[in-house]
Amino acid sequence: MIRVLLELSSDAERVRLIGLLASDPELRVVDNAESADVLITEESDRSREDPPLLVLLDVADHFHVAQALRAGARGAIPRRVDGPQLAAAVRAVHHGWLVNPPEPAAVAAVEPLTARELEVLSMLADGLSNKEIASKLGISDHTVKFHVNSILGKLGAGSRTEAVTIGLRSGLILL
């Protein structure tokens with residue numbers, strides 16, 4: 001059972017989310033922060049970590065999602081989320097994962113990137129060369145080149161810069 005606390009400015013929004021959460025038998029809305037496993041709120045600028053925050057955003061683009069995550073939220077979702085999306089986001093935040101929905105216009109990878117490819121993509125975003133990435137990861141330059149080519153292929157990117165841009169827009173990486 002995952003206990004969810006709702007701190008919202010609108011009673012109508014609270015009632016709507018209670019209805020969405022009620023359809024999932026593993027989620028229960030509570031009124032006490034000390035007994036909550038996840039807090040759903042509209043404010044991402046909180047300094048507390050417990051319970052983890054899931055922020056509702058009016059505009060869930062990359063900028064606003066990244067801003068919420070930098071402020072300490074564990075996830076950010078569009079305000080007009082449906083029941084299954086809300087339940088999935090609550091579960092993910094409860095299990096310690098970051099919830100970062102892709103922008104509507106984001107390009108989806110044909111194949112999902114592996115954990116290592118995501119790590120390499122993040123280092124590409126930091127401006128590291130193949131040699132620097134190889135050194136940090138303890139692998140050969142050739143292996144890094146293989147990962148970079150795989151990332152380019154999966155994202156349909158023509159360059160490292162384009163891969164980073166797609167990665168940022170799709171929420172695969174945050175700066």
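Side notes on the structure shown:
- Surface composition of the chain: carbon and sulfur make up 53 percent of the accessible area, probe 1.4 Å.
- The chain, relative contact order [Cα under 8 Å, separation at least 6], %: 17
- Convex hull per residue volume in Å³, alpha carbons only, for the chain: 127
- Environment charge at Glu13 (Cβ cut-off 13 Å; Lys +1, Arg +1, Asp -1, Glu -1): 0
- Net charge in the neighbourhood of Lys154 (other residues with Cβ under 11 Å of its Cβ; Lys, Arg +1, Asp, Glu -1) is -2.
- Computed log10 I(q)/I(0) for the range 7-88 at 0.15, 0.18, 0.21, 0.24 Å⁻¹: -0.51, -0.74, -1.02, -1.31, from the Debye equation with unit scatterers placed on every C-alpha and solvent omitted.
- Translational D in µm²/s for the range 108-157 (Stokes-Einstein at 20 °C, 1.002 mPa s, Kirkwood Rh from C-alpha pairs): 199
- Where His95, His142, His64, His147 fall by accessible area, highest first, once all protein chains stay in place (1.4 Å): His142, His95, His64, His147
The values are calculated or read from the model by the stated rules, or taken from the named source; none is laboratory data. Every value quoted in this text rests on a predicted model; they were computed, and no experiment measured them. No Cβ is skipped: glycine too gets one built from the backbone with ideal geometry, and neighbour counts run over all protein chains shown. Areas reflect the complete protein model, heavy atoms only, side chains present, ligands, DNA and RNA absent. Shrake-Rupley method; radii C 1.70, N 1.55, O 1.52, S 1.80 Å.
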